[in-house]
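These notes are about the structure you will find just below.
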Amino acid sequence: MSLKHVLMIATGGTLACRETGRGLAPSLTGEQLIEFLPELPKICKVVVENPFSIDSTDITTADRVKLAGIIRENYDLYDGFVIAHGTDTLGYTSALLYHMLRNLNKPVILTGAQKPIGVPGSDAERNLLDAFRVIRAGYVGVAAVLHGQIIRGNHVVKVDCESMNAFRSINAPLAGTIDREGNVRLDIVPKLGGEPEFVEDIDSDFVLLKLVPDLDPSIITFLTRYKKVIIEGYGSGGIPIRLEKVVQKLIHSGTKVYVTTQCLSGSVNLDKYEVGKRAEAMGAVSLGHRTIEDAIAAIQCGEI
Ligand code: ASP
């Protein structure tokens, strides 16, 4: 079988970092990263692009739209795409790409690491190789590959800032696993459906507000300038009664209000409690089982 032809898009992140004296900062190019992977030529044929090299703390929607653009422009030229990305915002990028790149019949695999490549005990070599192995195994669609897990793009959440096992597939089973020897097991491969579509209009006119007990209601009065406001509520969801008036005014001003939860898994259910039913009656919209990353991406792509 001939080797798959893969475009690797290197964007920085810890895996490309070196100590600079001012702290870890991305320093290695994609070409330098793959020098650490002598097995790679046996897995895939790889071409590298380096559109930017940043700590993913600094990533913007414009950067992520650029990544989608690179995939779009090169879609017919490659069998798949690997994006080497900082782990901190990897879930946001995977969710946005999941919603921007629809009906894919090729894989787009994001990966990163908690330790720089080449450093003893780093997870970078394993994660990068696994990303290519998942392409070789025939996955399609957007997914993250980290610590032996394959997580569908809209369910990726970073839950730990130290452990190598830092990501979870929230509200969905893993799409598959890769063992320590590099054997890939695919449990779910998204179904191919129709022609690939690339969403172009990305709206960033939204804000996310996290509820805490005693949140100052006047903060909400400043939010009328946004088209969409996501309230990160508690548990099954609901608006505290003492905030109802300001939220009602916000909705009447034309801002669409969504409710999500601070719980890591499970679903918003506005029908369960009085505070939820009252929120729904005001016109607040439940984000259901979506992760925050997925909800933001769906909102940015105009799906909800
Ligand atoms: N701050 C880094 C980044 O997100 C963390 C990492 O890559 O693990 O770029």
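The values are calculated or read from the model by the stated rules, or taken from the named source; none is laboratory data. Note that the coordinates shown come from a computational prediction; the quantities given were computed from them, not determined experimentally. Cβ placement follows ideal geometry from the backbone for every residue including glycine, while neighbour counts extend to all protein chains displayed.
Would segment 293-301 turn up any residue that is surrounded by fewer than 24 Cβ atoms within 10 Å (Cβ to Cβ), in a loop (DSSP other than H, G, I, E, B) and free of Cβ contacts under 8 Å to residues at least 40 places away in the same chain?
No, every residue in segment 293-301 fails to be surrounded by fewer than 24 Cβ atoms within 10 Å (Cβ to Cβ), in a loop (DSSP other than H, G, I, E, B) and free of Cβ contacts under 8 Å to residues at least 40 places away in the same chain.
Before we move on, is residue 178 at pLDDT 95 or above, aliphatic (A, V, I, L, M), touching a strand residue (DSSP E or B) at 6+ places or on another chain (Cβ under 6 Å) and under 28 Å from residue 72 (Cα atoms)?
On the way: at pLDDT 95 or above: yes; aliphatic (A, V, I, L, M): yes; touching a strand residue (DSSP E or B) at 6+ places or on another chain (Cβ under 6 Å): yes; under 28 Å from residue 72 (Cα atoms): yes.
Yes, satisfied.
For segment 153-200, which residues satisfy the criterion of being within 22 Å of residue 288 (Cα to Cα), among the small types (Gly, Ala, Ser) and crowded, with 19+ Cβ neighbours inside 10 Å?
Answer for segment 153-200, where residues must be within 22 Å of residue 288 (Cα to Cα), among the small types (Gly, Ala, Ser) and crowded, with 19+ Cβ neighbours inside 10 Å: 153, 169, 175.
Would you check if residue 87 is modelled with pLDDT of 95 or more, within 12 Å of the ligand (Cβ to nearest atom) and in contact with a Cys (Cβ under 9 Å, 6 or more places away or on another chain)? Can you show your working first?
On the way: modelled with pLDDT of 95 or more: yes; within 12 Å of the ligand (Cβ to nearest atom): yes; in contact with a Cys (Cβ under 9 Å, 6 or more places away or on another chain): yes.
So residue 87 passes the test.
Could you check residue 238 against (1) surrounded by 15 or more Cβ atoms within 10 Å (Cβ to Cβ); (2) within 16 Å of the ligand (Cβ to nearest atom) and say which number it fails?
Every condition holds for residue 238 apart from (2).
Can you go through 89, 57 and tell me which one is free of Cβ contacts under 8 Å to residues at least 40 places away in the same chain and in contact with a Lys or Arg (Cβ under 9 Å, 6 or more places away or on another chain)?
After applying the criteria, what remains is 89.
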